[in-house]
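What follows is one structure encoded as structure tokens, with my remarks underneath.
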């Protein structure tokens, strides 16, 4: 299939040159060389570039998953710590409320007790 493209390209360039549609000056020669370079790179280097991109994508994916795992474990640890401190604060608040109620009851009893 590639040979067909090369043959068609050579015939079309020859025909366009013969009809003086393409005049070979510096710009045209540079453009033709550039397109030939792109064609060569596309056909010969596409597999290696693709494998390089796939390797980099796999590395990025692995880095992203590891950072997500670290972030998730940090969030779980912070949540558990917050939960423990919140339970401690709630228990302390309940205990303090009970103690406060006990003291206020004692003071009202002492004030109302006849001497």
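Read-outs: derived from the displayed coordinates by stated rules, not from any lab. From a predicted model like this one, the values you see are computed outputs, not experimental measurements. Please note: Cβ atoms are built from the backbone with ideal geometry, for glycine as well, and neighbour counts cover all protein chains shown.
Structure notes:
- Added length on full extension, which subtracts the Cα-Cα distance from 0.36 nm per residue, residue 11 to residue 78: 16.9 nm
- Helix 26-112 vs. the chain, principal-axis angle (Cα, 0 to 90°, nearest 10): 0
- Spatial separation of Cα centroids for segment 82-115 and segment 1-47, in angstrom: 92
- Using alpha-carbon coordinates, inclination of helix 2-18 to the longest axis of the chain, degrees: 60
- Between residue 37 and residue 62, the FRET efficiency estimated from the beta carbon spacing at R0 = 41 angstrom works out to 0.75.
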